[in-house]
Structure formats: structure tokens, C-alpha cells
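The values are calculated or read from the model by the stated rules, or taken from the named source; none is laboratory data. Note that the structure is a prediction, hence the values are computed from the model and not measured. Here Cβ is always computed from backbone atoms with ideal geometry, including for glycine, and neighbour counts include all displayed protein chains.
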Amino acid sequence: MPPLGRVDDAPPAFRRAVESLRTPVVRPEITVEEIPAPQRLAPYATAMSASVHVDGDDAALGRLIVLYDPEGTREWPGPFRVVAWVSADLESEIAADPLLGQVAWSWLTEALDSRGADHHTLSGTVTRATTEGFAAKADQPMTTELELRASWSPIADDLSAHMEVWLGLLSSAAGLPPVDITDLGHRRSRTEG
């Protein structure tokens, strides 16, 4: 992963946070890169995007933004706010599961807990969008996309566990098996927690 922006003139807490985001990506299916951070959300920000490639296709996409306001003038509690977004196409039988939103949200909450990513004020949404073609596009298959948007306030400026949470969330949305389990050619069902 390339360096995460120029932070020479940033406060030490933000510099430490940016450095902690350089957590090694342990999955060869995931590519992470720096992207321009939003300019108006906080005095200091950094952002990255990621894609999960499975069988030559993008199985999931995501963005992670870290906002820092040392004066505490923003609407979130504490100086830091992590904003995560993940999107993945779903198979039709998984998309029809009425518990899909709850299961997808559990991917995030379980990842936060299991990785020890101390935080507070978690909020977010899970959206399921179905696209169906008509007229000249009637022959295109129906597709369903899952989108999870979440934000939370980390308690400390070491964000390595929060980066691991985001990467784990991307892996779950893409249907990848856990890192410590060998994939025998069958993708894990995305509705499994």
C-alpha cells in the first residue's frame, strides 16, 4: 500500500493514526490504495479504497475514511471518526433472505468485537438494491447489491484493529472464507455469520 498522504503538518495523534493504518493486507484477493480524502468533513482526513477480486471479478468494493478534529467541533463524539462503506453483488437466493441486513450488520459488530477495535457511537445502515432490466435491457439478468455504510468513534489513535475490521468486512461481503480456513473451492455463504 502506498503512503497515506502527506501528514507532516498534522497533529501527532493524527500522524500516529495514519501510520497505524499501514496494517499489512493478508489476503491476496484484496487490493488497497490511497484515494483523495474529503476536504470539508474534518480539518484532517485520510481515505483509501479497496477491491476484492474473486475468480477475476470484483466481488466487493469498499472505502475507509478517517476523520480527525482535534478541537472537537464536529457532530461526532471524540476527535476521530471512522467511516466505512462496503458494496457487494449477491446471488439471488442470498439476496432474498429476509435476515440479510441483520447478518451483514453482524459481520461488522463481530469484527469490531473480535479484533478488539475499541469504539463507541456506532451507527450505520444496510441497503439491498435490486436492478431489473426492461425494454432493450430486458435480457440482462436481475442483480442485487448489498451496501453497508457505518461509522464509529475509535477510543485511541492506534487504528490498526479498525483497518482489520474493514478488511474483514470486505472479505465477508465477498464471501471469502476466514483467513485461517482453507478454501476448498466453495465460497462460504454470505448469510453465514
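Numbers for the structure displayed
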{"quantity": "Selected residue (criterion: surrounded by the fewest Cβ atoms within 10 Å (Cβ to Cβ)) from residues of segment 84-113 that are out of contact with any Ser or Thr (no Cβ under 7 Å at 6 or more places or on another chain) and among the β-branched types (Val, Ile, Thr)", "calculated": "Thr109"}
{"quantity": "Qualifying positions in segment 81-127 - assigned to a strand (DSSP E or B) and of a type in the set (A, V, I, L, M, F, W, C)", "calculated": "Val82, Val83, Ala84, Trp85, Val86, Ala88, Leu90, Leu122, Val126"}
{"quantity": "Residue in segment 137-146 that is in contact with a strand residue (DSSP E or B) (Cβ under 8 Å, 6 or more places away or on another chain), touching a residue at least 12 places away in the same chain (Cβ under 8 Å) and not in a strand (DSSP E or B) present", "calculated": "yes"}
{"quantity": "Residues (in contact with a helix residue (DSSP H, G or I) (Cβ under 6 Å, 6 or more places away or on another chain), farther than 18 Å from Ala161 by Cα, assigned to a strand (DSSP E or B) and among the β-branched types (Val, Ile, Thr)) located in segment 6-53", "calculated": "Val52"}
{"quantity": "Residue check, Thr46 polar (S, T, N, Q) and surrounded by fewer than 16 Cβ atoms within 10 Å (Cβ to Cβ)", "calculated": "no"}
{"quantity": "Number of the condition not met by Trp76 [criteria: (1) within 15 Å of the chain's Cα centre (by Cα); (2) surrounded by 18 or more Cβ atoms within 10 Å (Cβ to Cβ); (3) not in a helix (DSSP H, G or I)]", "calculated": "(1)"}
{"quantity": "Residue tally, condition in contact with a Gly (Cβ under 8 Å, 6 or more places away or on another chain) and buried (at least 24 other Cβ atoms within 10 Å of the Cβ), over segment 160-172", "calculated": "3"}
{"quantity": "Residue pairs meeting the criteria (Cβ under 9 Å; at least 6 apart or on separate chains; first closer than 17 Å to Arg15 by Cα, in segment 32-58; second crowded, with 16+ Cβ neighbours inside 10 Å and of a type in the set (Ser, Thr, Tyr))", "calculated": "Glu34/Thr46; Ala37/Tyr44; Ala37/Thr46; Ala42/Tyr68; Pro43/Tyr68; Tyr44/Tyr68; Ala45/Tyr68; Thr46/Tyr68"}
{"quantity": "Candidate set from segment 114-159 (those that are surrounded by 15 or more Cβ atoms within 10 Å (Cβ to Cβ) and of a type in the set (Ser, Thr, Tyr)); member that is farthest from Pro24 (Cα to Cα)", "calculated": "Thr143"}
{"quantity": "Matching entry among Arg128, Arg81 (being farther than 12 Å from Trp152 by Cα and basic (Lys, Arg))", "calculated": "Arg128"}
{"quantity": "Number of the condition not met by Ser92 [criteria: (1) hydroxyl-bearing (Ser, Thr, Tyr); (2) modelled with pLDDT of 90 or more; (3) closer than 24 Å to Leu176 by Cβ]", "calculated": "(2)"}
{"quantity": "Test: residue in segment 162-172 that is modelled with pLDDT of 90 or more, part of a loop (DSSP other than H, G, I, E, B) and closer than 19 Å to Leu21 by Cβ", "calculated": "no"}
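Residue-by-condition table, conditions (1) over 18 Å from the mean Cα position of the chain (by Cα); (2) charged (D, E, K, R):
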position	(1), (2)
Ala117	no, no
Thr125	no, no
Gln140	yes, no
Arg149	no, yes
Asp158	no, yes
